[in-house]
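In what follows, a structure is listed as structure tokens, so that the remarks can point back to it.
The values are calculated or read from the model by the stated rules, or taken from the named source; none is laboratory data. Only a predicted model underlies this, so the values are computations on that prediction, with no experimental measurement involved. Note: ideal-geometry Cβ built from the backbone for every residue, glycine included; neighbour counts use all protein chains shown. Protein only, heavy atoms only, side chains kept; ligands, DNA and RNA dropped before computing areas. Shrake-Rupley method; radii C 1.70, N 1.55, O 1.52, S 1.80 Å.
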Amino acid sequence: MRHRVKRHRIGRPKSHRVALLRNQARELIEHGSIVTTISKAKALKVFFDKLMYKAVQAASTEDKIKSMNLRRQINRYLGDRRLTNKFVDEIASKHTDRKGGYTRIVRIGYRRGDGAEVALVQIVGLEGAKEEE
């Protein structure tokens with residue numbers, strides 16, 4: 001029985017699934033939005049929102065030790081210290097008053113090659129920053 005087992009498996013073994021989600025999270029932080037399939041977008045939303053929660057805590061706390069520990073936890077998933085610092089200092093610091101819902105999934109149609117439904121995954125609150133640049 002599958003009681004209390006709820007996760008987006010997206011047809012991959014665990015190591016491949018985790019690697020895929022880490023790569024997509026990195027791209028989302030770097031670019032602010034990415035285009036992917038609906039099933040991958042839903043899995044990424046759960047993964048990224050947990051990372052963003054830690055980043056918001058690291059950005060809002062005054063305790064240096066707690067902030068450093070949270071940055072290390074985030075860096076475990078991202079694997080790049082500069083990207084982690086950008087994530088916490090620039091992106092998460094804008095979301096300190098938000099309780100959740102850091103990502104948005106917008107369905108944009110079907111892929112031409114195989115007909116898979118495609119979605120745009122965005123970090124909420126970064127749309128205005130991209131337009132001003």
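At a glance:
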| read-out | value |
| --- | --- |
| One residue from Y53, Y102 being within 24 Å of L120 (Cα to Cα) and open to solvent by less than 60 Å² (accessible area, probe 1.4 Å) | Y102 |
| Total residues in region 88-118, condition in a helix (DSSP H, G or I), over 15 Å from S33 (Cβ atoms) and touching a residue at least 40 places away in the same chain (Cβ under 8 Å) | 2 |
| Within region 22-47, considering residues that are in contact (Cβ under 8 Å) with a residue 60 or more places away in the chain and among the hydrophobic types (A, V, I, L, M, F, W, C), the one surrounded by the fewest Cβ atoms within 10 Å (Cβ to Cβ) | V35 |
| So T84, is it in contact with an Asp or Glu (Cβ under 7 Å, 6 or more places away or on another chain) and under 24 Å from H16 (Cβ atoms) | no |
| Per-region count, region 56-84, residues polar (S, T, N, Q) and open to solvent by 60 Å² or more (accessible area, probe 1.4 Å) | 2 |
| Pairs, first more than 20 Å from D97 (Cα to Cα) and in contact (Cβ under 8 Å) with a residue 24 or more places away in the chain in region 57-78, second open to solvent by 40 Å² or more (accessible area, probe 1.4 Å) and assigned to a helix (DSSP H, G or I), C-beta under 9 Å, six or more apart | Y77/V18; Y77/R22; Y77/R26; L78/R22; L78/R26 |
| Residue tally, condition small (G, A, S) and either buried (at least 16 other Cβ atoms within 10 Å of the Cβ) or on the phi > 0 side of the Ramachandran plot (or both), over region 4-21 | 1 |
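Okay, residues lined up against (1) of a type in the set (D, E); (2) closer than 24 Å to K40 by Cα:
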| position | (1), (2) |
| --- | --- |
| A55 | no, yes |
| A58 | no, no |
| K64 | no, no |
| G79 | no, yes |
| N85 | no, no |
| E90 | yes, no |
| D97 | yes, no |
| I123 | no, yes |
